[in-house]
Amino acid sequence: MSSVPTDRGTWRLVARRDFWVRIRERSFLISTLINIAVISILVLARASSAVGSGPSFDLGSVGSSSIATGASQLGHDAQPPIPIQVHAFPDQAAANAALRDGSVDAVVVDNQLIGFTDIPDVLSSLVQASARNVAVTALLDRHHVPQEERDAANDPTPLTLAVLQPAPPHRSENAAVAFVGVLLLYGQLFGYGIWVASGVIEEKASRVVEMLLSAIRPKQLLLGKIIGIGTLGLAQLIVISSFAIGLAFATNAIDVSSSAFGAAGLVIGWFILGFAFYATLFAAAGSLVTRMEELQNVIVPINLTILVSFFISIGALQDPNGRLQVIASILPTSSALAMPVRIVLGAAPAWQIVVSLVALVGSTVLLVPFAARLYSGAVLRTRGRVRIREAWRAAE
Amino acid sequence: MLELIDLRRRFDDVVALDGVSFEVPEGRIVGFVGRNGSGKTTTMRIALGVLHADAGRVLWRGRPVDPVTRRRFGYMPEERGLYPKMRVREQLVYLARLRGTPKGVARSRATQLLEILEVVGDPNDRMETLSLGNQQRVQLAAALVHEPDVLVLDEPFSGLDPVGVDVLAEVLRGQARDRGVPVVFSSHQLELVERLCDEVVLIDRGRIVARGSIRELRAMRARNLWRIEVPAATDGWWEVVPGVSLAARDDGAVVLELDGDADPQRILDLARAEGDVAAFGPVRPSLSELFREVVAE
């Protein structure tokens, strides 16, 4: 007769089952595809706007084209370059027609710069500068200034650039990465949390839970379920982030030197911590009811918490140091979503990150025995909804 | 030996168990009989640790049962249920592994049990595609798949067809006889309990009201009744024997109750003097009758 010395580690069997059963479910495949589709749209949208982001202009000229070609040369020399294509028109009528159909942004006619409804600032400053150059050149010509003096005057040593408070590098890229990250985190925390709750209900509704609890302890069952489903969520998150980063690099939506890898790491790390926190709550909530239809009723408070945290985190993209955002990034009920955004944006000082981590991990550690007790008190009551107090008292 | 000692449990204001004690010796089959709501399921849940007792102890081989020893128990809950979408054999292997059986052993054992229990269908079918009777057999396989040291089965026969009942009865006998497993099961099918069990435990309103072998129960409880059929006899012929009284009339025969000292042979002699004796024999009360008698007190 084989005697089994210990039952520690049976949670691994539970976790493995929950992982493999769900990975084979159609809903897992569908959610992966939807996630990839959404991410692709976001990345491609950014990639196309990145290509069009450097401004370029079409400049028409009537008569002498020296101002227009001068502006084009200035644009070419600018850092980053501003391409200006020059189009010559025989008369004003032809130029006006081109303005109307939008094939040129503005037209230089003698000492006038004409736009259709308005003239882009960048273009107008370049044309003004070019006009000054033409005037100055004409003046220098009249005074027969030697070429070397002109060159000296035209090539002054550029000014050294300095700022008092440098903005974090890649600010806009980081905001984009943080946005995608928080979106992913929200989806995973929410979706997989619900999966934990419905997994608990499924075992209760099919009555298999009594068989399970005659074999293993409630804590092992709870732990295995959370870890199994969490691992699946993590695996999906890794697949989706790898895909997103690969696509972003391939389409030049982000720069290789940006913090995309770091952000992906942050999202994954905070998913693990945040999932442990929320999933424990979801599991306890799920154990209170018997039918799937009742699930919504018991998870409303958790849903709202995650939703509010999500909106605060979206707000943090604009204002990472707002008071609400700072508080939300430290409270364990919302830090899993809010803190990674502030870290990616470079807005969170180290002490806040540490406090936030300690609060999240610490509260999860405190929450687990509480949830496990509710779970063991409620999970065998298969008739109707169990009140929290009843569940608490039923277990000892 | 599995020992239940003075188990007590209340649900709010209802006393479900009021000091339940009995034991199940190794290799013996014990029937657990009582009306609905008398405390059978509560007792079994406590024995399996899925429910806590307010007081009392459960011992296995003299030591308190803990979650680790309980893994060697086999259980069939009253509330049947397995994973509906999981494949039959995969499910059995999973449950066996939860109780510490190695994967390979669990797999061959599951295959074997599905054959022994005559589960119709492929071991790779999903549970929900099986008929209820077949699901019931798989549930039994789930109680047996880890080769348990103890079997606690709550209404294992309910829902089985007569063939299924015979198959299960044979399996339980085999477990007790060949592996020395103590088996306790509850049932309302009292003829079956009578046929299968070495001992019977009667529970009523949370108390054990009688326990022992069927023979012991009869000796303890039943009246000493004899049924005699003498077509030619004059009525009241037995009255000359002291300590004999009429208990009932039954289709031309009489059922006489004898006091402790009265000799049945004396009655028979008297009856033959009256005429030809068509039938003569003791009346053995069935378990149902004993049960009703006990519960009625």
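The values are calculated or read from the model by the stated rules, or taken from the named source; none is laboratory data. Since we're looking at a predicted model, the values are computed, not measured. Note: ideal-geometry Cβ built from the backbone for every residue, glycine included; neighbour counts use all protein chains shown.
Let me spell it out: the conditions are (1) surrounded by fewer than 24 Cβ atoms within 10 Å (Cβ to Cβ); (2) without any contact (Cβ under 8 Å) to a residue 24 or more places away in the chain, and A:Pro332 meets all of them except one. Which number is the exception?
Looking at each condition in turn, A:Pro332 falls short on (2).
What are the residues in segment B:126-165 that are more than 21 Å from the chain's Cα centre (by Cα) and either part of a loop (DSSP other than H, G, I, E, B) or touching a residue at least 24 places away in the same chain (Cβ under 8 Å) (or both), if any?
Of everything in segment B:126-165, those that are more than 21 Å from the chain's Cα centre (by Cα) and either part of a loop (DSSP other than H, G, I, E, B) or touching a residue at least 24 places away in the same chain (Cβ under 8 Å) (or both) turn out to be B:Arg126, B:Met127, B:Glu128, B:Leu130, B:Ser131, B:Leu132, B:Gln135, B:Val145, B:His146.
Are there any pairs, at least 6 apart or on different chains, whose C-beta atoms fall under 6 Å, with the first in segment A:226-245 and closer than 19 Å to A:Asp18 by Cα and the second of a type in the set (Phe, Trp, Tyr), and if so, which?
From residues that are closer than 19 Å to A:Asp18 by Cα, the pairs are A:Gly228/A:Phe19; A:Ile229/A:Tyr192; A:Ile229/A:Trp195; A:Gly230/A:Phe275; A:Thr231/A:Phe19; A:Leu232/A:Phe19; A:Gly233/A:Tyr192; A:Leu237/A:Phe271.
List the residue pairs whose Cβ atoms are under 7 Å apart, where the first residue sits in segment A:103-132 and is farther than 11 Å from A:Phe57 by Cβ, the second is among the β-branched types (Val, Ile, Thr) and surrounded by fewer than 19 Cβ atoms within 10 Å (Cβ to Cβ), and the two are 6 or more positions apart or on different chains.
From segment A:103-132, the pairs are A:Val107/A:Ile114; A:Leu113/A:Ile119.
Can you tell me which residue is modelled with the highest pLDDT among those in segment A:256-285 that are of a type in the set (S, T, N, Q) and assigned to a loop (DSSP other than H, G, I, E, B)?
Result: A:Ser259.
Can you say whether A:Gly187 is within 14 Å of chain B (Cβ to nearest Cβ) and farther than 30 Å from B:Thr42 by Cβ, as far as the supplied structure shows?
No: the conditions fail for A:Gly187.
For segment A:359-395, which residues satisfy the criterion of being within 18 Å of A:Ser206 (Cα to Cα) and hydroxyl-bearing (Ser, Thr, Tyr)?
A:Tyr375, A:Ser376, A:Thr382
Search segment A:224-241 for residues being more than 14 Å from A:Ser287 (Cβ to Cβ) and within 14 Å of another protein chain (Cβ to nearest Cβ), and hand back the single one that is surrounded by the fewest Cβ atoms within 10 Å (Cβ to Cβ).
Among those that are more than 14 Å from A:Ser287 (Cβ to Cβ) and within 14 Å of another protein chain (Cβ to nearest Cβ), it is A:Gly224.
Would you check if there is a residue in segment B:91-105 being among the charged types (D, E, K, R) and in contact (Cβ under 8 Å) with a residue 60 or more places away in the chain?
no
Kindly provide the set of residues from segment A:257-269 that are buried (at least 21 other Cβ atoms within 10 Å of the Cβ) and touching a Ser or Thr at 6+ places or on another chain (Cβ under 8 Å), ordered by number.
Across segment A:257-269, the qualifying residues are A:Ala264, A:Val267.
Which of the residues belonging to segment A:348-378 are small (Gly, Ala, Ser) and in contact with a helix residue (DSSP H, G or I) (Cβ under 8 Å, 6 or more places away or on another chain)?
Scanning segment A:348-378 gives A:Ala348, A:Ser356, A:Ala359, A:Ser363, A:Ala371, A:Ala372, A:Ser376, A:Gly377, A:Ala378.
Hey, could you check segment B:259-280 for residues that are surrounded by 13 or more Cβ atoms within 10 Å (Cβ to Cβ) and under 23 Å from B:Ile214 (Cα atoms) and say which is nearest to the chain's Cα centre (by Cα)?
Top of the filtered list is B:Phe280.
Taking A:Leu337, is it loosely packed, with under 15 Cβ neighbours inside 10 Å and hydrophobic (A, V, I, L, M, F, W, C)?
Criteria not met by A:Leu337.
I'm trying to understand the selection: among the residues of segment B:81-91, which are within 8 Å of chain A (Cβ to nearest Cβ) and in contact with a Leu (Cβ under 9 Å, 6 or more places away or on another chain)?
Answer for segment B:81-91, where residues must be within 8 Å of chain A (Cβ to nearest Cβ) and in contact with a Leu (Cβ under 9 Å, 6 or more places away or on another chain): just B:Leu82.
Consider only pairs whose beta carbons are under 9 Å apart and that are at least six residues apart or on different chains; among these, list those whose first residue lies in segment B:251-271 and is under 17 Å from B:Pro285 (Cα atoms) and whose second residue is of a type in the set (Gly, Ala, Ser) and surrounded by 15 or more Cβ atoms within 10 Å (Cβ to Cβ).
Taking only residues 6 or more apart or on different chains, the pairs are B:Val254/B:Ala233; B:Val254/B:Ala247; B:Val255/B:Ala247; B:Leu256/B:Ala247; B:Leu256/B:Ala262; B:Glu257/B:Ala247.
Restricting to segment A:200-212, count the residues that are more than 9 Å from chain B (Cβ to nearest Cβ) and farther than 17 Å from A:Arg385 by Cα.
0
Report yes if B:Gln112 is within 14 Å of chain A (Cβ to nearest Cβ) and of a type outside the set (Val, Ile, Thr), otherwise no.
no
Taking the residues in segment A:75-108 that are surrounded by fewer than 18 Cβ atoms within 10 Å (Cβ to Cβ) and closer than 22 Å to A:Thr137 by Cβ as candidates, determine which candidate is farthest from the chain's Cα centre (by Cα).
By that ranking, first place goes to A:Ala88.
Show me the helices (runs of 4 or more DSSP H) entirely contained within segment A:98-209 in which 3 or more residues are modelled with pLDDT of 90 or more.
Correct list: A:171-205.
Is it true that B:Ser213 is away from chain A (no Cβ under 14 Å), modelled with pLDDT under 90 and touching a His at 6+ places or on another chain (Cβ under 9 Å)?
no
For the condition buried (at least 24 other Cβ atoms within 10 Å of the Cβ), more than 26 Å from the chain's Cα centre (by Cα) and away from chain B (no Cβ under 14 Å), what is the one hit in A:Ala197, A:Ala178, A:Ala215?
The conditions single out A:Ala197.
Out of the residues in segment B:92-109 meeting the condition of being more than 7 Å from every other protein chain (Cβ to nearest Cβ) and closer than 15 Å to B:Asn124 by Cβ, tell me which one is nearest to the chain's Cα centre (by Cα).
Filtering first and then ranking leaves B:Leu92.
Checking B:Leu17 against (1) in contact with a Ser or Thr (Cβ under 6 Å, 6 or more places away or on another chain); (2) part of a strand (DSSP E or B); (3) within 11 Å of chain A (Cβ to nearest Cβ): exactly one of these is not met. Which one?
Here B:Leu17 meets the rest and fails (3).
Please go through segment B:25-68 and give me each residue that is surrounded by fewer than 19 Cβ atoms within 10 Å (Cβ to Cβ), within 14 Å of another protein chain (Cβ to nearest Cβ) and not in a loop (DSSP other than H, G, I, E, B), ordered by number.
B:Ala55, B:Arg63, B:Pro67, B:Val68
With respect to B:Met76, determine if the residue is under 30 Å from B:Asp204 (Cα atoms) and either at the interface with chain A (Cβ under 9 Å from one of its Cβ atoms) or touching a residue at least 60 places away in the same chain (Cβ under 8 Å) (or both).
yes
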